[in-house]
Amino acid sequence: MENKLFKLGIDIGSTTVKIAVLDDDDNLLFSDYQRHFANIQQTLTDLLTQAKSSLGKIQVRPMITGSGGLTLAKHLGVEFVQEVIAVSTALTHYAPQTDVAIELGGEDAKIIYFENGNVEQRMNGICAGGTGSFIDQMASLLQTDAPGLNTYAKDYKALYPIAARCGVFAKTDIQPLINEGASKEDLSASIFQAVVNQTISGLACGKPIRGHVAFLGGPLHFLDQLREAFIRTLKLDDEHAILLDNSHLFAAIGSALNSKEENNVPMDDLIDKLSEGIKMDFEVARLEPLFDGEDDFRAFKDRHAKAEVKKGDLANYHGNVYLGIDAGSTTTKLAVVGEDGTLLYSFYSSNNGSPLATSLKALKEIYSIMPEDTHIVHSCSTGYGEALLKAALQLDDGEVETIAHYYAAAFFNPDVDCILDIGGQDMKCIRIKNGVVDSVQLNEACSSGCGSFIETFAKSLDFTVQDFAEEALFALNPIDLGTRCTVFMNSKVKQAQKEGASVADISSGLAYSVIKNALFKVIKLSDASELGKNIVVQGGTFYNDAVLRSLEKVAGVNVVRPDIAGIMGAFGCALIAKERYEENPTTTTLGIDEINNLTFDTKLTRCQGCVH
């Protein structure tokens with residue numbers, strides 16, 4: 001096929017790059033689809049190289065489309081076509097009977113109406129709920145991926161109402177259902193139904209979807225159960241549901257169909273330009289690096305290494321010990337301390353839907369390694385499951401979370417005036433005045449400053465959370481994401497990617513944004529210096545050195561991160577138990593024989609009080 005002239009369509013989406021090569025008769029000769037994981041130029045280079053190895057040295061008439069394509073098109077000197085025009089061209093060519101097209105992408109959702117030669121497009125503007133990224137997020141909650149959801153959904157029996165307008169709210173709906181024992185089959189089908197509801201209500205806004213409906217985009221191409229949910233909800237028969245080959249490539253195919261004869265270049269020229277690396281201009285503001293270099297980082301690590309609790313071995317300890325349990329919404333933590341506050345045992349686990357069963361497992365382990373002359377003489381619980389565990393295990397005390405966390409923080413810094421706790425989905429700021437809790441602030445409706453926010457981004461770029469955090473440490477140009485909702489940050493990140501921002505720049509920018517969201521959106525500070533002078537941080541998110549350093553940079557103070565930042569609630573409870581025992585040296589805590597004989601059952605009931 002040497003030096004033959006073909007049409008090349010390139011679609012740069014929010015999460016993927018697609019290419020399509022057509023001949024003069026509009027036959028599809030080559031096509032492929034790859035996630036770009038923020039590295040758009042390399043992904044496109046790989047795809048074009050594959051096309052070249054398949055088709056030989058060819059001349060192409062290139063045309064670019066897609067949400068991430070405009071800037072790249074300018075730098076490559078290639079024509080750009082609007083996505084709606086590209087998709088409309090492809091539909092007119094392959095399915096001229098189409099009345100409505102529903103297209104779902106990685107972060108975009110569109111409904112296109114074709115009426116008497118007019119084209120009307122409705123697109124998600126402020127929310128990425130109900131898109132491919134949302135489906136990926138929900139799949140990770142069920143410890144699977146999007147194809148896994150699809151497989152589960154085939155065997156569903158019941159549908160639950162789940163919010164699809166926001167990944168955060170959907171998580172809030174799904175987590176209790178998981179805890180209550182809802183099947184993965186039912187949850188998967190319910191997630192797909194939520195996507196359907198979001199697309200129809202959020203985009204159509206009452207305008208009927210009827211006639212011949214075409215389904216486009218990766219999620220609808222690869223997930224037949226998602227398609228079925230749309231077809232079921234819209235009550236479409238076989239004639240009116242248009243299922244097309246290569247429906248995930250329609251924007252790329254449509255852009256190829258729009259290519260212009262006069263714009264032809266050798267494929268090798270495009271590959272060479274991309275291989276050299278195109279330097280994009282910075283439109284997104286940049287922040288100063290987290291560290292000035294290796295020495296600065298080492299000094300930071302040495303300083304934080306000092307905030308260590310003394311640790312001992314429960315198996316070799318003889319005497320009285322004190323038990324603390326923190327039963328959170330998704331995790332259960334236990335701590336056992338000795339007479340001098342030494343941490344003898346710690347436990348941190350997902351509660352797998354039952355904080356009581358998880359606590360019993362840990363207690364049996366404690367009793368199995370504890371010497372005969374060692375006794376749990378006082379106990380205390382805190383967290384969401386405080387009352388449940390206190391009653392079931394006959395613990396001596398229960399305490400509100402804020403007090404438990406204060407006891408633990410004061411152990412590391414007696415002068416503590418602020419405790420900042422950032423977990424996976426929740427965040428709290430506890431202010432201390434004259435040794436007592438003065439105020440508490442929690443995040444109510446937004447999780448963009450929490451750990452799951454960074455975790456979701458890391459996964460979307462194919463990184464583990466740990467590797468993603470390490471990338472941030474020595475980034476030269478962290479991107480300024482401001483204090484925004486996750487969805488808006490996605491679009492800012494996409495813009496920065498187009499400008500050639502590295503994964504390191506994105507990761508460090510996100511670390512900054514977590515802190516800025518916490519301080520300026522949740523706690524509503526006007527100036528970061530108002531936070532306090534003796535700050536103790538806790539919660540799993542602060543194990544991320546980039547987030548910890550961001551707080552120190554933004555607040556302008558050195559903070560204390562205890563080495564047990566993830567189990568501070570349980571540790572504080574154990575310290576409270578120790579103090580209370582001195583006031584009242586008795587215990588009602590169940591012994592190992594009573595624990596072994598303890599039985600309980602869980603009933604699943606759904607509230608009948610509302611319309612659902």
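Using 0.36 nm per residue of separation minus the Cα-Cα distance, give me the extension gain between residue 310 and residue 4 in nm, one decimal.
This chain segment gains 102.8 nm when fully extended.
Report the calculated FRET efficiency for residue 159 and residue 34 (r = Cβ-Cβ distance, R0 = 30 Å), to the nearest 0.05. Walk me through the intermediate numbers first.
On the way: r = 33 Å, r/R0 = 1.11.
After rounding, the FRET efficiency stands at 0.35.
Assuming a ≥ b ≥ c are the square roots of the Cα gyration tensor eigenvalues, decide whether segment 339-419 counts as rounded (a/c under 1.5), prolate (otherwise, with a/b larger than b/c) or oblate.
oblate
Under 13 Å from the Cβ of residue 275, count the other residues' Cβ atoms, weight Lys and Arg +1, Asp and Glu -1, and hand me the total.
Within the 13 Å Cβ shell, the charges total -3.
According to the square roots a ≥ b ≥ c of the eigenvalues of the Cα gyration tensor, what is the shape class of the chain, taking rounded for a/c under 1.5, prolate for a/b larger than b/c otherwise, and oblate for the remainder? Intermediate results must be reported in sequence, preceding the final value.
Details: a/c = 2.68, a/b = 1.77, b/c = 1.51.
Note, shape of the chain comes out prolate.
Per DSSP H run of at least 4 residues, take -39500 (n - 2.57); add these up for the chain, divide by its residues and hand me the 222 nm value, nearest 500 deg cm²/dmol.
Working: 22 runs with 239 residues, N = 612.
Rounded to the nearest 500, it is -12000 deg cm²/dmol.
So what are the ³J(HN,Hα) numbers for segment 64-71, from phi and the Karplus equation (6.51, -1.76, 1.60; θ = phi - 60°), rounded to whole Hz, Gly and Pro as x?
10, 9, x, 5, x, x, 5, 5
Which loop-located GluC sites (Glu not before Pro) does segment 1-95 contain, where loop means any DSSP state but H, G, I, E or B and the Cβ has at most 14 other Cβ atoms within 10 Å?
Values: sites: 2, 79, 83; in loops: 2.
Here the GluC sites (Glu not before Pro) that fit, given the DSSP loop and packing criteria, are 2.
Under 14 Å from the Cα of residue 310, which aspartates and glutamates turn up, not counting those fewer than eight places away in the same chain?
Leaving aside aspartates and glutamates fewer than 8 places away in the same chain, those within reach of residue 310 are 339, 340, 563.
With every protein chain present, what is the per residue accessible area of the chain (1.4 Å probe, Å²)?
For the chain, the solvent-accessible area averages 43 Å² per residue.
Take peptides 54-60, 539-545 and line them up by average Cβ neighbours within 10 Å, highest first, as a rough protection proxy.
On the way: 54-60: 17.4, 539-545: 22.7.
Result, highest mean Cβ count within 10 Å first: 539-545, 54-60.
In percent, how large is the relative contact order of segment 251-410, given Cα pairs closer than 8 Å and 6 or more residues apart? Mind dumping the intermediate values first?
Values: 187 pairs, mean separation 29.0, N = 160.
Relative contact order for segment 251-410 comes out at 18 percent.
With a 1.4 Å probe and every protein chain kept in, tell me what percent of the accessible surface of the chain is carbon plus sulfur.
48 percent
Give me the number: length gained by fully extending residue 180 to residue 588, i.e. 0.36 nm times residue separation minus the C-alpha to C-alpha distance, one decimal in nm.
Length difference between fully extended and current span is 143.9 nm.
Just tell me which lysines come within less than 25 Å, Cα to Cα, of residue 207; anything on the same chain fewer than 8 places away is out.
Hits, sequence-local ones excluded: 110, 235.
Run down the aspartates and glutamates and flag those whose C-alpha is under 18 Å from the C-alpha of residue 157, throwing out any fewer than 8 positions away in its chain.
Straight-line reach from residue 157, under 18 Å: 180, 185, 186, 224, 228.
So in segment 319-429, what percent of DSSP beta bridges are antiparallel if you round to the nearest 5?
Approximately 60 percent, going by the DSSP bridge assignments.
Nearest 20 debye, what's the magnitude of the dipole of segment 518-585 about its Cα centre given +1 on Lys and Arg Cβ and -1 on Asp and Glu Cβ?
Roughly 240 debye, rounded to the nearest 20.
Using a cut-off of 12 Å between beta-carbons, work out the net charge of the residues near residue 326 (Lys and Arg +1, Asp and Glu -1, residue 326 not included).
Cβ neighbours under 12 Å give a net charge of -3.
Assuming R0 = 30 Å, what is the FRET efficiency of residue 144 and residue 238, from their Cβ-Cβ distance, to the nearest 0.05?
On the way: r = 30 Å, r/R0 = 0.99.
After rounding, the FRET efficiency stands at 0.50.
Give the ranking of 530, 399 by solvent-accessible surface, highest area first, calculated with a 1.4 Å probe.
530, 399
Enumerate the amide H contacts of residue 397 below 5 Å, restricted to partners 5 or more residues apart or on another chain; note that Pro and chain-start residues carry no placed amide H.
Residues meeting the amide H criterion: 379, 380, 381.
Need the full-extension length gain, residue 201 to residue 261, defined as separation in residues times 0.36 nm minus the C-alpha distance. One decimal, nm.
17.4 nm
Ranked from highest to lowest mean number of other Cβ atoms within 10 Å per residue, what is the order of the peptides 239-246, 98-105?
98-105, 239-246
Quote the Stokes-Einstein diffusion coefficient, in whole µm² s⁻¹, for segment 173-253, based on the Kirkwood radius over alpha carbon pairs, a temperature of 20 °C and a viscosity of 1.002 mPa s. If you can, show how the numbers build up before the last one.
Values: Rh = 14.0 Å.
The Stokes-Einstein estimate is 153 µm²/s.
Just the accessible area for residue 144, please: 1.4 Å probe, Å², rounded to the nearest 10?
The accessible area comes out at roughly 40 Å².
Specify whether the C-alpha gyration tensor of segment 177-218 places it in the rounded, prolate or oblate class, a ≥ b ≥ c being the square roots of the eigenvalues: rounded for a/c under 1.5, otherwise prolate if a/b is larger than b/c and oblate if not.
prolate
Debye sum, Cα scatterers, segment 53-106, no solvent: what log₁₀ I/I(0) at q = 0.26 1/Å?
Cα-only, vacuum Debye calculation for segment 53-106: -1.02.
FRET efficiency for residue 288 and residue 352, Cβ-Cβ distance as r, R0 = 60 Å, nearest 0.05? Walk me through the intermediate numbers first.
On the way: r = 42 Å, r/R0 = 0.71.
The value I calculate is 0.90.
Among DSSP bridges having both ends in the chain, what percentage is antiparallel? Round to the nearest 5.
60 percent
Mind checking segment 282-362 for trypsin sites (Lys or Arg not before Pro) that DSSP puts in a loop (not H, G, I, E or B) and that have at most 13 other Cβ atoms within 10 Å? Mind dumping the intermediate values first?
Numbers: sites: 286, 298, 301, 303, 306, 310, 311, 333, 361; in loops: 306, 310.
Here the sparse-neighbourhood loop sites are 306, 310.
Rank these by accessible area, largest first, 1.4 Å probe: 108, 426. Mind showing how you got there, number by number?
Details: 108 20, 426 60 Å².
I get 426, 108, largest accessible area first.
May I ask you to rank 304, 93, 75 by accessible area, largest first, using a 1.4 Å probe over the protein chains only?
Largest to smallest exposure gives the sequence 93, 75, 304.
Helix hunt in the chain: which complete DSSP H runs extend at least 20 Å axially by C-alpha with mean Kyte-Doolittle at least -0.5?
Values: long enough: 40-55 (22 Å, -0.01); 184-199 (22 Å, -0.04); 355-369 (21 Å, 0.50); 568-583 (23 Å, -0.01).
What comes out of the filter, once short or polar helices are dropped, is 40-55, 184-199, 355-369, 568-583.
The values are calculated or read from the model by the stated rules, or taken from the named source; none is laboratory data. All values derive from a computational prediction rather than experimental measurement. Heads up, the Cβs are rebuilt from the backbone with ideal geometry, glycines too, and the neighbour counts pull from every protein chain shown. Side chains included, ligands, DNA and RNA excluded: accessible areas come from the protein's heavy atoms. Shrake-Rupley method; radii C 1.70, N 1.55, O 1.52, S 1.80 Å.
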